[in-house]
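Working notes for the structure below.
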Amino acid sequence: MRLAAPRAGATATRVRSPGVTHPDTPAGLDRESREWLRDLRSRGIAYDDAVARLHALLLGAARFEVARRRPALPHLRGDDLPDIAMQAADDALMSVLRRLDDFRGDSRFTTWAYKFALLEAAVKLRRRAWQGREVPLEPEAWARLATVSPGPQEDAEQAQLLAAVQRGIEEVLTPHQREVIVALALNAVPIDVLAERLSTTRGALYKTLHDGRRKLRANLAARGIAPDWLERRR
């Protein structure tokens, strides 16, 4: 394992008694989930063994997700994939250990933990796919949509809508809102990649996207145009 597992105490060897329930352990858990929580909250050999088993589980999940997404990312080198899976498992392990008290028992512990590895693998694959690529942020990129040939039944309507959207972007959005909407809605930049490039968080970008769409919907409604197009660009 590349990442050294955090220890609850350098010299402590005490293990919580199987009969003692941690106050944050949800009621009604299956036996396996209770044992996972007990061991991951203990110390010494039981803790080390549980962390090693958990990392192996997360590594298997990360490898599965990397393999599942591999066909959609042909430009990634094959020798990158094991490293991505290992990094995802390492980070997922740290996330699970930090969030043990968030486990509410709605599923088995292993199912809950498995999702952390899937998420980390997906994020790392997206970031690696965009590594070295420019993230397009220019508001002028919206003009390219006007050159797309629409279908025969919607040519006039779409041309009118695109012109109204472009005008609304120029008139009602802040520069930052324009950058975010261009990157996410038009150029399909993954939100975690954009957050990294702009040194911000996914939550902050979601709020910017939400606020920008709200302004555009209001602007389009004022012009008598249904803003469904904005929802289809998600």
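Observations on the model:
- Residues in region 70-128 that are acidic (D, E) and either in the same structural domain as D192 (by TED's automatic domain parsing) or within 22 Å of R34 (Cβ to Cβ) (or both): 3 in all.
- Scanning region 74-127 for residues that are of a type in the set (S, T, Y) and touching a residue at least 40 places away in the same chain (Cβ under 8 Å) yields T110, Y114.
- D39 vs. criteria out of contact with any Phe, Trp or Tyr (no Cβ under 7 Å at 6 or more places or on another chain), free of Cβ contacts under 8 Å to residues at least 60 places away in the same chain and either acidic (D, E) or outside the structural domain of L118 (by TED's automatic domain parsing) (or both): no
- Meets criteria (at positive phi and either surrounded by fewer than 16 Cβ atoms within 10 Å (Cβ to Cβ) or modelled with pLDDT under 80 (or both)) for A188: yes
The values are calculated or read from the model by the stated rules, or taken from the named source; none is laboratory data. Because the structure is predicted, anything quoted here is derived from the model rather than measured. Don't worry about glycine lacking a Cβ; one is built from the backbone with ideal geometry, like all the others, and counts go over all protein chains shown.
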